[in-house]
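Before any comments, here is the structure.
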Amino acid sequence: MNTKLNDNSNTSAETKNSSFRRILKYLGPGLITSALVLGPGSITLSSKIGAIYGTQLVWILGLAVILMMAYTEMSARIGLAANGTFIEIIKKKWGVAAGLVIGVGAFLVTTSFQAGNAIGTGIAIEAVTGVSSKIWIIVMTILAISLLFFSQFYKVLEKLMLALVVIMLLAFAITTVIVKPSFSDIVKGIIPVLPEGSIGLVIALFATSFSIVGAIYQSYLVREKGLGLQDAKASAGEAIFGIFLLGFISFLIMVTAATVLKPAGIIVNNAVEMGEILKPSFGSFSTFVFMLGLFGASFSSLVGNATIGGALLSDGLGLGDNLTSKKVKIAIIIVMLFGSSVALVFNGAPVNLIIFAQGVTIFVVPFIAIAILVIANRKDVMGNLKNGLISNIFGIAGLVVLIYLAFNNFKNIFLS
């Protein structure tokens, strides 16, 4: 009798462990995409918007996350169905030049914004240790580069991203429960409104939360993970869940900022002021805990952003895309070194570099979105994983938004 009970107990435990392992098998790519998109810019913007406008702009975050989900899920299906990488398919269908434009464009965009990730990493540790952020930028860049030389870089990257996402999620979830935000205010925030003077922050939040370059890299991550057509359903769900986590963490930050910072009149001018968000739950340790979250967001983006830029450049140049390739690693290191060098030399991201990044985005991002939509609708590439009506509706909506953002950037850079 006891033997039977023990056997049943062991079988049940093995089943649970097997289910857990299956979940973890699919969890990696979406978490990596989520972690690299949720950078210091996303945290700063969510904090600032919550501090100034309360929960009025929750709907913008929701819309951005839904569109990001649509493109990330599409990209995951492309990675599973296509006989080759995304850029290889583009080269076959549209020519080598088109693939090169995507690879070089993604490289330039990620490189241009890498300085912000390096700065966020340095500032987070400086706030806790008192040691100059420049020292920490150098140390963290060396650490990030060293990760590339682990024998199983993808698995190391996956575990790192999982740990950092969990840290951020727990810190802000605990605070949200303690400060008890107004549920009615959150519901009101779902109704689309644009408060006076908010358009600049709205566009910035959308741009950081809806990263088309991050979305397309999902197709590379599922291939790196070794997933196949049989994993399509689980992979799609995992991609959506990963982006949901991105939006949920940003939502928690915005809501806690609205509840804690707005009544105090703190409009977030620096990282220390952002740390006040966690004061109700962590007291005198609030700055430390917030900086841990900021470090997590910054370091994950420092590694992930560079990985995207380096891998897509290498693929665009026809040098391969596998993360174990020396050529891919060199391209990733170039992105890291460039970003850190800019942060150290200019003591911040120079305005001209930001303008340059926006200029590249104007032309590259809508082109990549169009390419994703077209490829995802090709029966000869996608087979049974071809886009359905719902995917196309959200895909077209996302493309319209991206074209609007590109037009707005073009107007600000060249016509103002």
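Values for this structure:
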read-out	value
Test: Val96 is over 19 Å from the mean Cα position of the chain (by Cα), of a type in the set (A, V, I, L, M), under 30 Å from Leu344 (Cβ atoms) and modelled with pLDDT of 85 or more	no
Among (1) at pLDDT 90 or above; (2) part of a helix (DSSP H, G or I); (3) buried (at least 19 other Cβ atoms within 10 Å of the Cβ); (4) not hydrophobic (A, V, I, L, M, F, W, C), the one test that Asn387 misses	(2)
Test: residue in the range 128-136 that is touching a helix residue (DSSP H, G or I) at 6+ places or on another chain (Cβ under 7 Å), polar (S, T, N, Q) and closer than 30 Å to Asn377 by Cα	no
Subset of the range 251-265 [more than 11 Å from Thr176 (Cα to Cα) and buried (at least 22 other Cβ atoms within 10 Å of the Cβ)]	Leu261
The lone exception for Gly339 - which of (1) more than 30 Å from Leu80 (Cβ to Cβ); (2) surrounded by fewer than 20 Cβ atoms within 10 Å (Cβ to Cβ); (3) within 20 Å of the chain's Cα centre (by Cα); (4) modelled with pLDDT of 80 or more it fails	(2)
Residue satisfying all of: in the range 283-317; of a type in the set (Gly, Ala, Ser) and free of Cβ contacts under 8 Å to residues at least 24 places away in the same chain; nearest to Leu246 (Cα to Cα) among these	Ser286
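For (1) in contact with a Ser or Thr (Cβ under 8 Å, 6 or more places away or on another chain); (2) not aliphatic (A, V, I, L, M), each residue gets a yes or a no:
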{"position": "Gly79", "(1), (2)": "yes, yes"}
{"position": "Asn83", "(1), (2)": "no, yes"}
{"position": "Glu88", "(1), (2)": "no, yes"}
{"position": "Val96", "(1), (2)": "no, no"}
{"position": "Leu100", "(1), (2)": "no, no"}
{"position": "Val104", "(1), (2)": "no, no"}
{"position": "Ala118", "(1), (2)": "yes, no"}
{"position": "Ile125", "(1), (2)": "yes, no"}
{"position": "Thr129", "(1), (2)": "no, yes"}
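Table: residues versus (1) of a type outside the set (D, E, K, R); (2) over 22 Å from Glu88 (Cβ atoms); (3) surrounded by 20 or more Cβ atoms within 10 Å (Cβ to Cβ); (4) in contact with a helix residue (DSSP H, G or I) (Cβ under 7 Å, 6 or more places away or on another chain).
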{"site": "Phe183", "(1), (2), (3), (4)": "yes, yes, no, no"}
{"site": "Gly200", "(1), (2), (3), (4)": "yes, yes, no, no"}
{"site": "Phe210", "(1), (2), (3), (4)": "yes, yes, yes, yes"}
{"site": "Val213", "(1), (2), (3), (4)": "yes, no, yes, yes"}
{"site": "Tyr217", "(1), (2), (3), (4)": "yes, no, yes, yes"}
{"site": "Ile249", "(1), (2), (3), (4)": "yes, yes, yes, yes"}
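The values are calculated or read from the model by the stated rules, or taken from the named source; none is laboratory data. Not measured: the values here are computed from a predicted model. Note: ideal-geometry Cβ built from the backbone for every residue, glycine included; neighbour counts use all protein chains shown.
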